[in-house]
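Enquirer: After the structure tokens below, expect a handful of questions from me.
The values are calculated or read from the model by the stated rules, or taken from the named source; none is laboratory data. Quick caveat, the model's predicted, so the values are computed rather than measured. Positions of Cβ are generated from backbone atoms using ideal geometry, with glycine treated the same way; all protein chains shown enter the neighbour counts.
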Amino acid sequence: MNDAQTATSTAAQATGPGQEFLTFRLGDEEYGIDILKVQEIRGYDPVTRIANAPDFIKGVINLRGNIVPIIDMRIRLKLGAVAYDAMTVVIILNVGPRVVGMVVDSVSDVLALQAGQVRPSPEFGGAFDTRYITGLGALEDRMLILIDIESLISEDIMNIAAAA
């Protein structure tokens, strides 16, 4: 199976009948992640910085006795300047056995997408990394970039552990 077929197959599997996605904004773009990975949504509070952590790791917070690493998705996805305001939120995720937070510009809503509304991610060759994009959600007047947040965050956590 080639990459395009794999992406199509993955997109179709990821969006069976009525799969729901939490949508959020980073800059001018709207993204979607599997709602089943979301534990809670919180306002952005200052974090405790960790020395020698990658720049996209903002630090950690104490969430009801659990130490939770906080990843800034704008920095992680190289989307330009980061500005925190009243709309900035942290989405707390369950990624495998870990709890991780990700900072986003704002949360939009929860949308159910049918398999027919999901298109495979575009092929750009080696121009940039699209392996964490599972597809594009096509709605009436907007497009959602669907992210495989578990793969993206899991790789980040493994890289941090390897560097420590």
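Enquirer: If residue 54 meets every condition in (1) part of a loop (DSSP other than H, G, I, E, B); (2) more than 23 Å from residue 146 (Cα to Cα); (3) free of Cβ contacts under 8 Å to residues at least 24 places away in the same chain apart from one, which number is that one?
Expert: Of (1) part of a loop (DSSP other than H, G, I, E, B); (2) more than 23 Å from residue 146 (Cα to Cα); (3) free of Cβ contacts under 8 Å to residues at least 24 places away in the same chain, only one is false for residue 54: (3).
Enquirer: If I go through the stretch 69-88 residue by residue, how many of them are closer than 14 Å to residue 42 by Cα and surrounded by fewer than 19 Cβ atoms within 10 Å (Cβ to Cβ)?
Expert: Residues meeting the conditions: 5.
Enquirer: Report, by residue number, each residue of the stretch 38-51 that is without any contact (Cβ under 8 Å) to a residue 60 or more places away in the chain and closer than 30 Å to residue 19 by Cβ.
Expert: Result: 38, 40, 42, 43, 44.
Enquirer: Filter the stretch 108-159 for residues that are of a type in the set (Ser, Thr, Tyr) and either part of a loop (DSSP other than H, G, I, E, B) or closer than 15 Å to residue 24 by Cβ (or both); which is modelled with the lowest pLDDT?
Expert: That would be 130.
Enquirer: Considering each of 72, 85, 109, 55 in turn, give the residue that is among the charged types (D, E, K, R) and touching a Ser or Thr at 6+ places or on another chain (Cβ under 7 Å).
Expert: That would be 109, the only listed residue that is among the charged types (D, E, K, R) and touching a Ser or Thr at 6+ places or on another chain (Cβ under 7 Å).
Enquirer: Also, quick follow-up: Can you name every residue in the stretch 57-78 that is over 16 Å from the mean Cα position of the chain (by Cα) and outside any strand (DSSP E or B)?
Expert: 64, 65
Enquirer: Considering the stretch 60-75 alone, what residues qualify as being closer than 15 Å to residue 104 by Cα and not basic (Lys, Arg)?
Expert: Answer for the stretch 60-75, where residues must be closer than 15 Å to residue 104 by Cα and not basic (Lys, Arg): 69, 70, 71, 72, 73, 75.
Enquirer: Those residues that are buried (at least 18 other Cβ atoms within 10 Å of the Cβ) and closer than 17 Å to residue 148 by Cα, I need them from the stretch 96-110; list them, please. Let's see the steps before the verdict.
Expert: Filtering the stretch 96-110 for residues buried (at least 18 other Cβ atoms within 10 Å of the Cβ) gives 100-105.
Those that are buried (at least 18 other Cβ atoms within 10 Å of the Cβ) and closer than 17 Å to residue 148 by Cα: 100, 101, 102, 103, 104.
Enquirer: I've got another one for you. Would you check if residue 90 is at pLDDT 95 or above and either in contact with a Lys or Arg (Cβ under 7 Å, 6 or more places away or on another chain) or outside any loop (DSSP other than H, G, I, E, B) (or both)?
Expert: Working: at pLDDT 95 or above: yes; either in contact with a Lys or Arg (Cβ under 7 Å, 6 or more places away or on another chain) or outside any loop (DSSP other than H, G, I, E, B) (or both): yes.
Here the answer is yes, as residue 90 does meet what is asked.
Enquirer: Please determine whether any residue of the stretch 2-21 is modelled with pLDDT of 90 or more and aliphatic (A, V, I, L, M).
Expert: Checking the stretch 2-21: not a single residue is modelled with pLDDT of 90 or more and aliphatic (A, V, I, L, M).
Enquirer: Could I ask something else about it? Would you mind telling me which numbered condition in (1) more than 17 Å from residue 32 (Cα to Cα); (2) at pLDDT below 90 residue 63 fails?
Expert: Residue 63 satisfies all of (1) more than 17 Å from residue 32 (Cα to Cα); (2) at pLDDT below 90 except (2).
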